[in-house]
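Engineer: Can you keep this structure in mind? I'll have questions shortly.
The values are calculated or read from the model by the stated rules, or taken from the named source; none is laboratory data. Quick caveat: nothing in here was measured; it's all calculated off a predicted structure. We place every Cβ from the backbone using ideal geometry, glycine too, and count neighbours over all the protein chains shown. Each accessible area value is taken on the protein alone, full model and side chains, heavy atoms only, with ligands, DNA and RNA left out. Shrake-Rupley method; radii C 1.70, N 1.55, O 1.52, S 1.80 Å.
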Amino acid sequence: MVNHKRVERLYNDEGLWVRKRTRKRMKGAPRQALQPPIRPKQQWAMDFVSDALAEGRAIRTLNVVDVFTREGLAIEVDFSLPEPEGG
């Protein structure tokens, strides 16, 4: 077993480079168009927004919106809101 950092250092000393593996592209399933909502409270959307205060501290907001009425249902404001997994 050889440490990967040692291999990189030896390659650099010799002026060589380690080939990066290319990812294989996965064929995705065909996309289906989303059906637009036909009544309120049928489809919601959420998004993170970040901004900075005058003093330089960053704030984040989580906004939840009803897609049909474009009404803001909830806004959560905090200095650190973790992003959901997979997002």
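Engineer: Going through G28, G56 one at a time, which residue ends up being small (G, A, S) and either in contact (Cβ under 8 Å) with a residue 60 or more places away in the chain or open to solvent by 60 Å² or more (accessible area, probe 1.4 Å) (or both)? Give the derivation first.
Structural biologist: Values: G56 fails: either in contact (Cβ under 8 Å) with a residue 60 or more places away in the chain or open to solvent by 60 Å² or more (accessible area, probe 1.4 Å) (or both).
It is G28.
Engineer: Out of the range 35-50, which residues are loosely packed, with under 10 Cβ neighbours inside 10 Å and under 18 Å from the mean Cα position of the chain (by Cα)?
Structural biologist: D47, S50
Engineer: Restricting to strands (runs of 3 or more DSSP E) lying wholly in the chain: which have 2 or more residues that are among the β-branched types (V, I, T)? Before the answer, list the steps.
Structural biologist: Details: elements: 44-52, 58-66, 72-78.
It comes to 58-66, 72-78.
Engineer: Could I ask something else about it? Could you please give the count of residues in the range 16-25 that are open to solvent by 100 Å² or more (accessible area, probe 1.4 Å) and under 24 Å from R6 (Cα atoms)?
Structural biologist: Initially, the range 16-25 is screened for residues open to solvent by 100 Å² or more (accessible area, probe 1.4 Å), giving 17, 19-25.
In the following step, the residues that additionally are under 24 Å from R6 (Cα atoms) were identified as 17, 19-22.
The qualifying residues number 5.
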